[in-house]
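None of the figures in this text is laboratory data; all of them are computed from the coordinates on show. Quick caveat: nothing in here was measured; it's all calculated off a predicted structure. For neighbour counting, all protein chains shown are included, and Cβ atoms are generated from backbone atoms with ideal geometry for every residue, glycine included.
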Amino acid sequence: MSKIQENQETNVGGMTSTAPTVEKREKKQQKKVNNVIEVNDLNLWYGSDQALYEVSMNVPEEQVTAIIGPSGCGKSTFLKTLNRMVEMVPIVKTSGSIKYRNEEIFSSKFKQEYLRTKVGMVFQKPNPFPKSVYDNVAYGPRVHGIKKKEVLDQIVEKSLKDAAIWDELKDRLNENAYGLSGGQQQRVCIARALAVEPDVILMDEPTSALDPISTAKVEELVRELKKKYSIIIVTHNMQQAARISDKTAFFLNGELIEFAETDNLFQNPQDKRTEDYITGRFG
């Protein structure tokens with residue numbers, strides 16, 4: 001039995017969310033799993049301050065990988081390193097290797113624009129542009145040179161459907177996205193990320209600013225999206241990690257302490273620091 005759950009059902013704001021059973025996960029694991037991202041001996045510094053230490057882990061494709069740990073442990077820094085957004089901070093230095101689909105992303109031959117298209121990002125707070133819902137979702141495809149309205153119409157509809165918000169917004173496409181609820185804004189941002197056909201979606205605490213009902217909708221969306229995409233999600237909510245992820249990584253003080261199947265990590269942690277964190281002794 002999980003150390004943080006007494007049963008598989010968890011109540012989210014009055015809504016019951018049922019976590020995938022161990023049997024279902026084991027059945028899926030019979031299929032060969034390929035790695036979409038491989039990280040080896042990653043170190044990162046902000047100037048002279050080291051934030052990540054010798055991190056090595058493989059991220060499986062078409063699964064949800066959760067990253068947990070206390071504030072300041074390096075979760076978000078690690079996430080932003082996976083598509084090199086962290087390098088927008090001028091004083092950042094890195095060493096080690098990150099491979100996306102067997103290609104070294106730190107290579108001078110590997111274009112950052114391509115990386116950030118294939119490895120998209122959804123941020124902690126909804127950040128729609130001050131534009132219509134349609135223009136928010138169509139922004140990426142337009143940047144990539146798509147101008148035909150009929151093609152853009154198809155992309156916008158498909159992306160909003162994949163983000164499970166088409167039915168709510170199909171008659172509001174010309175409204176400013178700022179007029180939507182927080183949960184709707186976040187799903188529009190997810191649709192905007194999907195519109196450029198990414199392979200991996202990075203999510204940095206995407207529900208931390210949402211109400212419980214919107215959180216439940218985003219969690220259900222994540223479970224659907226993993227059928228097509230590989231998802232890496234940073235969360236402070238250990239119950240959320242247990243509900244939606246296939247594998248979980250525990251970070252502490254810039255180090256990867258433990259990385260395992262989610263059920264195993266929560267039910268039988270191998271490191272005492274992991275056990276202390278998930279049982280609430282610190283964090």
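Observations, loosely collected:
- Residues in segment 101-107 carry Karplus couplings, in order, of 6, 6, 10, 6, 6, 7, 5 Hz; the curve used is 6.51 cos²θ - 1.76 cosθ + 1.60 with θ = phi - 60°, and Gly or Pro positions show x.
- Extension gain from ASN268 to GLU113, taking 0.36 nm per residue of separation minus the Cα-Cα distance: 51.7 nm
- With θ taken as phi - 60° and the Karplus curve 6.51 cos²θ - 1.76 cosθ + 1.60 applied, the whole-hertz 3J(HN,Hα) list for segment 77-82 is 4, 4, 4, 6, 6, 5 Hz, x standing for glycine and proline.
- Rg/Rh for segment 111-208, where both radii come from Cα atoms and Rh is the Kirkwood radius: 0.94
- Taken one residue at a time, the phi angles of segment 168-180 give Karplus couplings (6.51, -1.76, 1.60, θ = phi - 60°) of 6, 10, 4, 9, 10, 4, 8, 7, 5, 5, 5, x, 7 Hz. Gly and Pro are set to x.
- The chain, helix-only ellipticity at 222 nm - DSSP H runs n ≥ 4, -39,500 (n - 2.57), divided by all residues, nearest 500: -9500 deg cm²/dmol
- Among beta bridges that DSSP assigns inside the chain, antiparallel share in %, nearest 5: 65 percent
- Calculated FRET value between ASN253 and SER181, using beta carbons and R₀ = 30 Å, to 0.05: 0.25
- Segment VAL151-GLU220, extension gain: residue separation times 0.36 nm, minus the distance between their alpha carbons: 22.0 nm
- Cα-based shape type of segment 103-150, given that a ≥ b ≥ c are square roots of the gyration tensor eigenvalues and the cut on a/c is 1.5: oblate
- Estimated dipole of the chain in Debye, rounded to 20 [Cβ of Lys and Arg +1, of Asp and Glu -1, Cα centre]: 740 debye
- Evaluated on the chain, the Kirkwood hydrodynamic radius is 19.6 Å, with distances taken between all distinct Cα atoms.
- Amide H contacts under 5 Å for VAL122, placed H, 5+ residues apart: LEU202, MET203, ASP204
- Averaged over residues, the count of other Cβ atoms within 10 Å places the peptides 243-255, 54-66 in the sequence 243-255, 54-66, highest first.
- Too-long pairs where the Cα-Cα distance tops 31 Å, listed order kept, from LYS32/LYS93; LYS118/LYS149; LYS118/LYS147; LYS118/LYS161: LYS32/LYS93
- Modelled this way, with points 7 Å down the Cα-to-C-beta line, the labels at ASP41 and LYS125 are 4.0 nm from one another.
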